[in-house]
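One structure below.
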Amino acid sequence: MTAPEAVPASASPARRVAWASMVGTSLESFDFYLFAYFSAFFVGPLFFEPLGEVGGTALAFLGIAVAFVVRPVGAVIFGYMGDRLGRRTTLLWTVGIMGVATGLIGLLPTYAQAGWLGAVLLMLLRVAQGLSLGGEWGGSILLATEHSGRVKRAFYAAIPQLGSPVGSILSAVVFLVLTAALPADQLAAWGWRIPFLLALPLLAVSLYLRVSISETPVFEGVVAEGRRDRVPFVAMFAKRPTAMVIAVGAALLGIGSYSLMNTYTVNYGVAQLGFSFQDLLVATTIGGLLQLVTIPAFGAWAARIGSAKVVVWGALGTLLIAFPMYWLLQFATFPILVGTMIIGGILPTMAWAALGGLMNDLFPDHFRYSALSFAYALAATISGFVPYLTLMLGDATDFAWWHPGVILAVMSAVTLLSAWAASRRAVEPESTPAEPVTV
């Protein structure tokens, strides 16, 4: 995919770039959550029918993990492109691959139609999605932050993070509409394909918005000064190994909590606690709508006190509510469910909203795309196993009420320590744009 010539930097003010970046991450998140909801109930019966209910569900959750496993590979590939060819060009590739792969899932044959062929193709498309995701997040953060000044950088780093709740809301709303409009047999027969095919028109919108913005002034400065690394992936480990460890740990809660709440808890709530699928989708949608307010608010807070400190507070708060939250879920009332999703969403959202700013400050500009992408992808790979590991822990403990709390508490503790370490490091210098940046 060859990008057209960039428009002048003055034509891409930071605010517009940040929102354009958010639209792209929304498509990526829509595709991700679409498969997450899809995995909870449809993947097993449609593609792994001979394995039974437990085996099919386990393979469905592992299908989520497959995309996470290959994310570091995608981070290396697209990180190289982002640090050598540019942020904007690379992001056109990542969103294009994701949109096409998601649309093709909607065309796959099921086990009843073609045996194991559909399952094999499904996993291959999940690999393509995972590679794309490996390069998307880091580039989106840099597209937003490197068009902004230092003062507002933490706020603009939070804007692409809105893509996660937007994608979650869109995917949940699509499934709510489908489950209300179609009988269960028609939904299982053909209705499940519709959400995946919707990714194609959304892809067209995302590509249009990303083509219309310019390359970042920071990357242009790196090129002008001749500071590009020959192999950015090697440079980041050679020059900032400690920062890499800190970045992975800091990202764990923000990513892993979504896997726990939006994938595992949906399945657990229906299978073990007696909630309806629709109730869980409504609850997660309410939580996502709240994030549309809290993410920019936490971004503004991060601009005042520092991104790392906001992540610290989010991780500490999540650690404190991890077990009470899952204890309350045992009462299985809809108000408690909504309250749990809201409280359990706000606190990890602090860690999520400020994550881009924290990681941006950890690395110098000439290998920043590779560093952000790989650290995030490695944390996402670990998080991809959260639904599967929580299911195995639940099975081993006869689904004791506290078993999801253990997973959430561990992720919170790791992120808390990592963010504290990040708060004690100096912000990395970077190339200064030749002209003032419009914000």
query = Failed condition for L121, given (1) open to solvent by 10 Å² or more (accessible area, probe 1.4 Å); (2) within 19 Å of L91 (Cα to Cα), with all others met?
reply = (2)
request  = Please state which of the following conditions M81 fails to meet, knowing it meets all the rest: (1) over 16 Å from the mean Cα position of the chain (by Cα); (2) among the hydrophobic types (A, V, I, L, M, F, W, C); (3) closer than 22 Å to P195 by Cβ.
outcome  = (3)
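Matching residues to (1) touching a residue at least 24 places away in the same chain (Cβ under 8 Å); (2) open to solvent by less than 40 Å² (accessible area, probe 1.4 Å); (3) more than 27 Å from A101 (Cβ to Cβ):
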site: L198; (1), (2), (3): yes, no, no
site: V205; (1), (2), (3): yes, no, no
site: D229; (1), (2), (3): yes, yes, yes
site: T265; (1), (2), (3): yes, yes, no
message = Within the stretch 342-361, does at least one residue satisfy the condition of being modelled with pLDDT under 90, more than 18 Å from the chain's Cα centre (by Cα) and not acidic (D, E)?
response = yes
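Just wondering, is there one or more residues in the stretch 73-92 that are part of a loop (DSSP other than H, G, I, E, B), in contact (Cβ under 8 Å) with a residue 40 or more places away in the chain, open to solvent by 20 Å² or more (accessible area, probe 1.4 Å) and among the hydrophobic types (A, V, I, L, M, F, W, C)?
So far as the stretch 73-92 goes, no, none of its residues is part of a loop (DSSP other than H, G, I, E, B), in contact (Cβ under 8 Å) with a residue 40 or more places away in the chain, open to solvent by 20 Å² or more (accessible area, probe 1.4 Å) and among the hydrophobic types (A, V, I, L, M, F, W, C).
Among Q161, Q186, which is polar (S, T, N, Q) and touching a helix residue (DSSP H, G or I) at 6+ places or on another chain (Cβ under 9 Å)?
Numbers: Q186 fails: touching a helix residue (DSSP H, G or I) at 6+ places or on another chain (Cβ under 9 Å).
When all the criteria are applied, what remains is Q161.
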query = Which number in (1) touching a residue at least 60 places away in the same chain (Cβ under 8 Å); (2) surrounded by fewer than 21 Cβ atoms within 10 Å (Cβ to Cβ) marks the one condition that A353 misses?
reply = (2)
message = Can you tell me which residue is surrounded by the most Cβ atoms within 10 Å (Cβ to Cβ) among those in the stretch 280-300 that are more than 24 Å from F38 (Cβ to Cβ) and in contact with a Phe, Trp or Tyr (Cβ under 7 Å, 6 or more places away or on another chain)?
response = G299
Every pair of residues 6+ apart whose Cβ atoms lie under 6 Å, when the first sits in the stretch 149-178 and is touching a residue at least 60 places away in the same chain (Cβ under 8 Å) and more than 17 Å from M359 (Cβ to Cβ) while the second is basic (K, R) and buried (at least 24 other Cβ atoms within 10 Å of the Cβ) = none
message = Can you tell me which of (1) touching a Phe, Trp or Tyr at 6+ places or on another chain (Cβ under 8 Å); (2) on the phi > 0 side of the Ramachandran plot is the one G226 doesn't meet?
response = (1)
message = Any residue that is within 25 Å of A65 (Cβ to Cβ), touching a Lys or Arg at 6+ places or on another chain (Cβ under 7 Å) and buried (at least 24 other Cβ atoms within 10 Å of the Cβ) - is there at least one of those in the stretch 326-343?
response = no
key: Selection from the stretch 39-52 of residues that are within 23 Å of A172 (Cβ to Cβ), modelled with pLDDT under 75 and not hydroxyl-bearing (S, T, Y)   = A40, F41, F42, V43, G44, P45
message = Residue pairs, Cβ under 7 Å, 6 or more apart or interchain, first in the stretch 385-398 and surrounded by 18 or more Cβ atoms within 10 Å (Cβ to Cβ), second in a helix (DSSP H, G or I) and among the polar types (S, T, N, Q). List them.
response = V386/S259; P387/S259; P387/T263
message = Can you pull out every residue in the stretch 191-239 that is part of a helix (DSSP H, G or I) and of a type in the set (F, W, Y)?
response = F196, Y208, F219, F233, F237
query = For the stretch 356-384, which residues satisfy the criterion of being buried (at least 24 other Cβ atoms within 10 Å of the Cβ) and closer than 11 Å to A75 by Cβ?
reply = Y369, S370, A371, L372, S373, F374, A375, Y376, A377, A379, A380
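Just to be sure before I move on: is R425 modelled with pLDDT of 90 or more and not in a helix (DSSP H, G or I) in the structure I sent?
Numbers: modelled with pLDDT of 90 or more: yes; not in a helix (DSSP H, G or I): yes.
Here the answer is yes, as R425 does meet what is asked.
Run down L121, L108, L142, L125 and say which single residue is within 17 Å of Y80 (Cα to Cα) and in contact (Cβ under 8 Å) with a residue 12 or more places away in the chain.
Sole residue among the options that is within 17 Å of Y80 (Cα to Cα) and in contact (Cβ under 8 Å) with a residue 12 or more places away in the chain: L142.
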task = Identify all residues within the stretch 107-118 that are out of contact with any Gly (no Cβ under 8 Å at 6 or more places or on another chain), open to solvent by less than 30 Å² (accessible area, probe 1.4 Å) and either not in a helix (DSSP H, G or I) or not small (G, A, S) (or both); write none if there are none.
result = G115
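Step by step: first the residues of the stretch 137-152, then only those that are farther than 16 Å from I255 by Cβ and open to solvent by 10 Å² or more (accessible area, probe 1.4 Å), then the one that is modelled with the lowest pLDDT. Which residue is that?
The first filter runs over the stretch 137-152 and keeps only residues farther than 16 Å from I255 by Cβ, leaving 139, 142-152.
Now narrow it down to the ones that are open to solvent by 10 Å² or more (accessible area, probe 1.4 Å): 149-152.
Numbers: G149: 71, R150: 69, V151: 64, K152: 80.
The residue in question is V151.
The values are calculated or read from the model by the stated rules, or taken from the named source; none is laboratory data. What you see is a predicted model, and the numbers here were worked out from it, not measured in a lab. Every residue, glycine among them, receives a Cβ derived from its backbone with ideal geometry; neighbour counts consider all protein chains shown. Accessible surface areas use protein heavy atoms only, side chains included; no ligands, DNA or RNA. Shrake-Rupley method; radii C 1.70, N 1.55, O 1.52, S 1.80 Å.
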